[in-house]
Amino acid sequence: MVNIAVIGLGWWGRVIVPLAQGSPHLRVVKAAHTNAAAVEEFVRSHGLDLVIGLEPVLEDPRVQGKRPVGRRRPPELPQAG
């Protein structure tokens, strides 16, 4: 079992949490979001340990895997040539 954190509880984070919670290989031990009020009901219904910001996740020794999720796309790679 790998203890993970889900960083960002937007649309994709809300998909990842129940999938991870249903996995025999993953345990969500922490979730991070920038606005607690916006995700309060989701956090409560899924029994999540919510923190604001990334630092508490990075400092938590229980978290073995950290996977950021959200809307931001990575920068485009330059074209070869």
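So the values come out like this:
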read-out: Length-normalised contact order for the stretch 2-68 - Cα pairs under 8 Å, 6+ apart - percent; value: 43 percent
read-out: Long-range HN-HN contacts of Val28 with modeled amide H, under 5 Å; value: Ile4
read-out: Which of Ser45, Pro61, Ala20, positive extreme of dipole for the stretch 2-68 (C-beta unit charges); value: Ala20
read-out: More than 15 angstrom apart: percent of Cα pairs within the stretch 2-68; value: 42 percent
read-out: Extension gain from Glu55 to Ala38, taking 0.36 nm per residue of separation minus the Cα-Cα distance; value: 4.2 nm
read-out: Linear extension gain, Val15 paired with Arg62, 0.36 nm per residue minus alpha-carbon span; value: 14.7 nm
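Every number here is computed from the coordinates shown, using simple stated rules; none is lab data. Computed from a predicted structure; not experimentally measured. Note that each Cβ is placed from the backbone with ideal geometry, even for glycine, and that neighbours are counted across all protein chains shown.
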